[in-house]
Amino acid sequence: PSYIMGPKQATEKFPQLSHRDLKFVSVFYEAQHNDARTNIAIALSAAEHGATIANYVEASAMTFDGKKVTGVKAVDNMSGEEFEIKAKKVILAGGPYTDLMRKMEDDKAKPA
């Protein structure tokens, strides 16, 4: 089963972890982890904290202020509508598509 442990137990069990700023560790076993349910929980938690969430929306490019990423240009894949999303922080959480996303930020980026 999946479980959570505090920083002391985590660094004892996983000594390769840096204990600096470690608050807790959540251990998931992939065979028992429902990633769709986890993603929905994360999205709903974000919405509770003021985030706007959407499905079938694809980031097509990043927007910049100088070298700082300030958001993304996006496409609603259901309607084809294009729009811009401004953000204080942009997280590249693309799984197997991370390299494609990094190229949106820097076209010279090497594969991760």
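The values are calculated or read from the model by the stated rules, or taken from the named source; none is laboratory data. What you see is a predicted model, and the numbers here were worked out from it, not measured in a lab. Counting neighbours? That spans all protein chains shown, and the Cβs are built from the backbone with ideal geometry, glycine included. When the accessible area is computed, the model is the full protein with side chains, heavy atoms only, and any ligands, DNA or RNA have been set aside. Shrake-Rupley method; radii C 1.70, N 1.55, O 1.52, S 1.80 Å.
Considering region 57-112, and only residues there that are of a type in the set (A, V, I, L, M) and open to solvent by 100 Å² or more (accessible area, probe 1.4 Å), the residue that is nearest to ASN39 (Cα to Cα) turns out to be ILE91.
In region 80-112, which residues are part of a strand (DSSP E or B) and over 12 Å from SER60 (Cα atoms)? Don't jump to the end; show me each part of the working.
Taking region 80-112 and keeping what is part of a strand (DSSP E or B), we get 82-86.
Scanning region 80-112 gives a single hit, LYS86.
Scanning region 49-79 for residues that are closer than 26 Å to LYS110 by Cα and either assigned to a strand (DSSP E or B) or of a type in the set (D, E, K, R) (or both) yields a total of 18. Checked against (1) of a type in the set (Phe, Trp, Tyr); (2) surrounded by 10 or more Cβ atoms within 10 Å (Cβ to Cβ); (3) in contact with a strand residue (DSSP E or B) (Cβ under 6 Å, 6 or more places away or on another chain), PHE14 passes all but condition (3). Return the residue satisfying two criteria in turn: it lies in region 17-27 and is of a type outside the set (A, V, I, L, M) and on the phi < 0 side of the Ramachandran plot, and of such residues it is least open to solvent (accessible area, probe 1.4 Å). Checked region 17-27; the qualifying residue least open to solvent (accessible area, probe 1.4 Å) is SER26. Within region 3-23, residues that are in contact (Cβ under 8 Å) with a residue 40 or more places away in the chain reach no partner that is open to solvent by less than 50 Å² (accessible area, probe 1.4 Å) and of a type in the set (A, V, I, L, M) with beta carbons closer than 9 Å at six or more positions or on different chains. Please list, ordered by first then second residue, the pairs with beta carbon atoms under 7 Å, 6 or more apart or interchain, first in region 69-82 and free of Cβ contacts under 8 Å to residues at least 40 places away in the same chain and among the hydrophobic types (A, V, I, L, M, F, W, C), second surrounded by 10 or more Cβ atoms within 10 Å (Cβ to Cβ) and in a loop (DSSP other than H, G, I, E, B). The qualifying pairs are VAL69/VAL90; VAL72/VAL90. Open to solvent by less than 100 Å² (accessible area, probe 1.4 Å), part of a helix (DSSP H, G or I), among the aliphatic types (A, V, I, L, M) and farther than 28 Å from LEU100 by Cβ: does that describe ALA46? No; evaluated as a whole, the condition is false for this residue. Cβ separations smaller than 6 Å between residues 6+ apart or across chains give the following pairs from region 94-110 residues that are in contact (Cβ under 8 Å) with a residue 12 or more places away in the chain to residues that are surrounded by 10 or more Cβ atoms within 10 Å (Cβ to Cβ): THR98/LEU92; MET101/LEU92; MET101/GLY94; MET104/ALA61; MET104/MET62; GLU105/MET62.
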